[in-house]
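To start, the structure under review is shown below, and the notes come after it.
The values are calculated or read from the model by the stated rules, or taken from the named source; none is laboratory data. Quantities reported herein were computed from a predicted structural model and do not represent experimental measurements. Glycine gets a Cβ as well: all are built from the backbone with ideal geometry, and neighbour counts include every protein chain shown.
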Amino acid sequence: MDGLLLKDKLKALPSEPGVYFHKDKNGEIIYVGKAANLKNRVKSYFNKTEKDIKTQALVAEIATTDWVTTETELDALFLESEMVKRYMPKFNILLRDDKTVVYLRVDLKSDLPVLEWTREPLDDGAEYLGPYYSAGVVKNALRVLRRSFPYFSKNGSSLRGSSKILRQIGLEPVIENEEDAWEYKANLRKLLRVLRGERVKILVDTEKEMDKAALALEFERAEKLKRQVFALKALKGQIVFADREWADLASDESLRDLADVLGLAGASALQRIEGFDISHQGGVNVVASDVVFKNGVASRRDYRKFKMSREQNNDFENMRETIVRRMKHLEDWGEPSLILVDGGAPQLRFVGEILHSFGLKFVGLAKENEEIVVSREFSGLLVDKIAVERLGGEIYEEEEFWHIKLPLGSPVVKLLQRVRDEAHRFAVNYHTLLKRKKFLGK
């Protein structure tokens, strides 16, 4: 397969979970990644969707790609970690945020070992697994595994400190004697082996243990081992990170389609979408949110919140103040590619001129029918009717606005709904915080 051209290799990609290895012209591994579906994930590097500068640099150096399929997403997740640690590819370092790198620490020498996360492994005799570059994904995998291999977390490091609820639902072990403690350590060692990618071998060993316990008439132990066997087999169909992977691919599609509808030059014209929302209770504790989606994905570090300068039950004026205050930071916060206004024609009439005065493009999303509303005079956009029809939608004009109705399940509508709903959530959370502080007298 090594002699095949890259395009031929891409045709041979399987639709299975696994780990892929991007290599340069010298055959050196420059990036290692995991995939729930190798075909979709690897091909996404070479589609026409606009990518950030670092990813563009990676793609420019890819001469060939190899891969290893795995039985489960979980196997792919932990194999990726081992391969990154082994090869130290340069683009894994460039493309990852150091703040997301975590290690799992377990001190098997302690009486009741606990699993805890750390960013700095020490030479303290404990066992460290990692580095893991997707902390949230690994924690999700551990939540799945904990059902079969109960363990103490840092907050449950002793019998006194452990959670009664966690014990009752089987996520923490019950330690009543030395035999329980021994069994806990044995199961913890199994869990660590699973995390190192030895799931299949652990499955075989556990089946042998189960048969041995049954022959010895140790039926309670055999039942516990049987549950572990079933759980290890069930991991084959367990979704660990595919939802995020599909979300990335869906973001690419939605940005491309939205750009087509609005007459923009490709998804790169929508690198930064911002959405605003107002929250208050009868004009009291009035706040506003500004959420940011970069390349179709929420960028929480760029979110902003505002407390209005005066308390008033007038969302039009509150929104005007929010926009003016946001526009004072175009240079230091970044300039939006597109502003999403929560509402239809009435809202756009009120804020359209001010957004136009800053040279910003904007659309509204009317709640009643989830229609995209575009100002013909002020939005700076030229809707493409052919693109709307291609996506199964319809368009009509009413006064100075275009009204675009796309199928509710379309990627474009879902993207705009995510922006709007996230702005609402963030605003409500801030309003609730202020209300609580006021109630507590803080």
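General remarks:
- Residue ID - farthest from residue 75 (Cα to Cα), chosen from residues in the range 12-31 that are of a type in the set (D, E, K, R) and part of a loop (DSSP other than H, G, I, E, B): 25
- Only one of the numbered conditions (1) closer than 20 Å to residue 426 by Cα; (2) part of a strand (DSSP E or B); (3) among the hydrophobic types (A, V, I, L, M, F, W, C); (4) out of contact with any Gly (no Cβ under 7 Å at 6 or more places or on another chain) is not met by residue 374, and that is (1).
- Every listed requirement among (1) touching a residue at least 24 places away in the same chain (Cβ under 8 Å); (2) more than 23 Å from residue 228 (Cβ to Cβ) is met by residue 114 save one, (2).
- Residues in the range 292-312 that are among the aliphatic types (A, V, I, L, M) and under 22 Å from residue 352 (Cα atoms) were compared, and the one that is surrounded by the fewest Cβ atoms within 10 Å (Cβ to Cβ) is 308.
- The single condition among (1) surrounded by 15 or more Cβ atoms within 10 Å (Cβ to Cβ); (2) out of contact with any Leu (no Cβ under 9 Å at 6 or more places or on another chain) that residue 386 does not meet is (1).
- In the range 274-284 there is no residue that is under 25 Å from residue 199 (Cα atoms) and either under 17 Å from the mean Cα position of the chain (by Cα) or modelled with pLDDT of 85 or more (or both).
- Number of residues in the range 313-329 that are surrounded by 15 or more Cβ atoms within 10 Å (Cβ to Cβ) and either at pLDDT 90 or above or within 30 Å of the chain's Cα centre (by Cα) (or both): the value is 9.
- The range 206-226, subset part of a helix (DSSP H, G or I) and exposed (fewer than 15 other Cβ atoms within 10 Å of the Cβ), residue farthest from the chain's Cα centre (by Cα): 215
- The condition of being under 26 Å from residue 264 (Cβ atoms), in contact with a helix residue (DSSP H, G or I) (Cβ under 9 Å, 6 or more places away or on another chain) and at pLDDT below 90 holds for only one of 91, 78, 46, that being 46.
- Considering residues of the range 256-291 that are of a type in the set (A, V, I, L, M) and part of a strand (DSSP E or B) only, the residue surrounded by the fewest Cβ atoms within 10 Å (Cβ to Cβ): 284
- Selection count, the range 376-418, where residues are of a type in the set (A, V, I, L, M) and either closer than 22 Å to residue 275 by Cα or not assigned by TED's automatic domain parsing to the domain that holds residue 270 (or both): 10
- None of 395, 354 is touching a helix residue (DSSP H, G or I) at 6+ places or on another chain (Cβ under 9 Å), over 20 Å from residue 263 (Cβ atoms), without any contact (Cβ under 8 Å) to a residue 40 or more places away in the chain and β-branched (Val, Ile, Thr) except 354.
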